[in-house]
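Inspection log for the structure reproduced underneath, given as structure tokens.
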Amino acid sequence: MVTADNLNLDVLELIFLYLSGNDLSSVALVSRSFFVGVIPRLYQKIMFRLNHAKRYPKLMSPFNVILLRPSLATHVRHIEIRTIPALKFQHHPTFILECTRALALCNNLQSFRCTANAIPPFLASLQGKEQLQEFRIHANLTTSQSEQLAKIGNLTNLCLDLGSWNVLDVLPRWTPKFANTLTSLCLFTANQLNETVLDKVLQQLPKLKALHIIGCGQVDHIAVLRLVSHTPLLESLSLSTTESCSPLSQPPPSLQHLKHLALDARYSMMSSPAPQVLKSILSHIQSSAPALLSLVMRLPEIKITVGDEFIKQLVELHGHTLQTLAFINCGVSMDCIMRISNSCLNMERLELPIPVKEITSFARALSQASNLQILIDTNIHSTHGNGLNVYLVQDNVRHLMAHSAQLRKIVSGKRLWKNTSSTSIDLSLERLPAYSSGTYWFMPRDMTDFGAN
């Protein structure tokens, strides 16, 4: 007789691939065979967030567990550290020691992410990780630390947040170590980055498929669109636009493979030329006739509405291919919503501020989006006076789903509404995690990711 307790270990490991979080921990307590089967999955990804830091050291860190049982290190593939516990207004030295020692044992590490400003102690332990491919750090380093960082090679995905001038200075000399492997580069809020450095880097990365240059004050959209001529295989591009009306470089870059475009638009005045700048970007890249699947746009504040002319141009050029549209921190008029619904027949995911007070008109405008499956509210509605957040309620959700036949998921705040029936409306409500997904807002969307960075 076959029981769950005597199933082959390989079978158990396959079953546990469908579990995550607390479910994995609970399964480990069922029996010894379950414990053995769940260990590889349980320690495959180690995350340390704010809620863990608040309970440290009363709650033992996963890094300390690895030190107590070094054999567990062989299962670790991904490490993500978002917060470092504090002790007397500085990084907790015991935690740092646990991390560095445990990290040194994880020889099968494939991705490392540390968004806390605490990377220097980890640099030595990150050396010699032959399987390390994905790397995201808070890159505020000194000259000597940057030189140590530049010894890491063979990366496929590199993200540098808040890079200091020391890191940016070494970047062109670091690039050859992953010139043949890197497919994605992200430089986020690197105020010291200039066009000369970026030019030297991109010249060495002709195989790059994703480039994200966001919040780098000295490198505007004009420079980025000029330099992407070095990277003709780009499938994903993110850039910050300025109000500069200088003409874009000719000839336009060859971007026929482009599938995802993210625009971080900067406005400084109401009569800004930014709408014309955004339109000019769409026209500029159109010479390559890219078939955009997704577009993400962020404006400085919710009071600013996406221009009708921009939406008209967008749907005329890409309405037949767009599957994902996201408007963050900006308004979208009802006429534009209706135009999007009528033109983007393949749209599966839409992110925008949902006008709760105009929910009937909004539902009617969405009704033509015949393939829409996921709707995400990008605005935290705040009532005037008491400051309370206003989310969609069940009646709102039911009304929206009644008008959109394929709509199955609606996210508002940290609430995920699901319709589990294909023939009627059978609503269920899930609470999303209090923490964010950790992804950048401008990255291509994963259909299972409802978080912001």
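The values are calculated or read from the model by the stated rules, or taken from the named source; none is laboratory data. Model, not experiment: these values are computed from the prediction. When we count neighbours, we look across all protein chains shown, and the Cβ atoms used for this are built from the backbone with ideal geometry, even at glycine.
Taking only the range 68-101 into account, find how many residues are small (Gly, Ala, Ser) and over 27 Å from residue 182 (Cβ atoms).
Going through the range 68-101 one residue at a time, the tally reaches 2.
Among (1) closer than 27 Å to residue 442 by Cβ; (2) over 21 Å from the mean Cα position of the chain (by Cα), there is one condition residue 119 misses while meeting the rest; what is its number?
For residue 119, the exception is condition (2).
For the range 45-90, name all the residues that are within 16 Å of residue 119 (Cα to Cα) and charged (D, E, K, R).
Hits for the range 45-90 are 49, 80, 82.
Here is a yes/no grid of residues against (1) part of a loop (DSSP other than H, G, I, E, B); (2) of a type in the set (A, V, I, L, M, F, W, C); (3) crowded, with 18+ Cβ neighbours inside 10 Å:
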residue	(1), (2), (3)
126	yes, yes, yes
136	no, no, yes
151	yes, no, no
171	no, yes, yes
176	no, no, no
190	yes, yes, yes
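In the range 52-68, what count of residues is obtained for those that are of a type outside the set (A, V, I, L, M) and exposed (fewer than 14 other Cβ atoms within 10 Å of the Cβ)?
Of the residues in that region, 4 qualify.
Does residue 164 count as at pLDDT 95 or above, among the small types (Gly, Ala, Ser) and closer than 23 Å to residue 210 by Cα?
Criteria met by residue 164.
Could you say whether any residue in the range 134-151 is over 30 Å from residue 218 (Cα atoms) and of a type in the set (A, V, I, L, M)?
no
I need the full set of residues from the range 235-257 which are touching a strand residue (DSSP E or B) at 6+ places or on another chain (Cβ under 6 Å) and either modelled with pLDDT of 95 or more or within 14 Å of residue 290 (Cα to Cα) (or both), in order please.
236, 237, 238, 239, 240
So which of 405, 452, 434 is at pLDDT 85 or above and either in a loop (DSSP other than H, G, I, E, B) or at negative phi (or both)?
405
Mind listing whichever residues of the range 291-307 are outside any loop (DSSP other than H, G, I, E, B) and closer than 17 Å to residue 281 by Cβ?
Result: 294, 295, 296, 297, 298.
Per-residue answers, yes or no, for (1) over 16 Å from residue 47 (Cα atoms); (2) surrounded by fewer than 20 Cβ atoms within 10 Å (Cβ to Cβ):
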residue	(1), (2)
70	yes, yes
82	no, yes
90	yes, yes
98	no, no
104	yes, yes
113	no, yes
121	yes, yes
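Return the residues of the range 320-348 that are over 14 Å from residue 308 (Cα atoms), out of contact with any Asp or Glu (no Cβ under 7 Å at 6 or more places or on another chain) and surrounded by fewer than 19 Cβ atoms within 10 Å (Cβ to Cβ); say none if nothing qualifies.
320, 321, 342, 345, 346
Starting from the range 357-368, take each residue that is crowded, with 18+ Cβ neighbours inside 10 Å and list its partners that are in a loop (DSSP other than H, G, I, E, B), counting only C-beta distances under 6 angstrom and pairs at least six apart or across chains.
362/355; 366/404
Of the residues that make up the range 231-239, is at least one more than 22 Å from residue 445 (Cα to Cα) and among the acidic types (Asp, Glu)?
No, the range 231-239 contains no residue that is more than 22 Å from residue 445 (Cα to Cα) and among the acidic types (Asp, Glu).
Going by what's in this entry, would residue 340 be described as at pLDDT 95 or above and touching a Gly at 6+ places or on another chain (Cβ under 9 Å)?
Criteria met by residue 340.
Looking at 420, 383, which is the one that is in the same structural domain as residue 354 (by TED's automatic domain parsing), at pLDDT below 90, in contact with an Asp or Glu (Cβ under 8 Å, 6 or more places away or on another chain) and exposed (fewer than 14 other Cβ atoms within 10 Å of the Cβ)?
420
Mind checking whether some residue in the range 318-334 is without any contact (Cβ under 8 Å) to a residue 60 or more places away in the chain, over 30 Å from residue 254 (Cβ atoms), in a helix (DSSP H, G or I) and over 19 Å from the mean Cα position of the chain (by Cα)?
For the range 318-334, residues without any contact (Cβ under 8 Å) to a residue 60 or more places away in the chain, over 30 Å from residue 254 (Cβ atoms), in a helix (DSSP H, G or I) and over 19 Å from the mean Cα position of the chain (by Cα): present.
Among the listed residues 189, 242, 175, 183, identify the single one that is among the β-branched types (Val, Ile, Thr), on the phi > 0 side of the Ramachandran plot and without any contact (Cβ under 8 Å) to a residue 40 or more places away in the chain.
Every option except 189 fails the conditions.
Identify all residues within the range 343-359 that are assigned to a helix (DSSP H, G or I) and at pLDDT 95 or above; write none if there are none.
343 - this is the single residue of the range 343-359 that is assigned to a helix (DSSP H, G or I) and at pLDDT 95 or above.
Answer yes if at least one residue in the range 250-257 is within 23 Å of residue 308 (Cα to Cα) and either hydroxyl-bearing (Ser, Thr, Tyr) or not assigned by TED's automatic domain parsing to the domain that holds residue 324 (or both), and no otherwise.
Checked the range 250-257: no residue is within 23 Å of residue 308 (Cα to Cα) and either hydroxyl-bearing (Ser, Thr, Tyr) or not assigned by TED's automatic domain parsing to the domain that holds residue 324 (or both).
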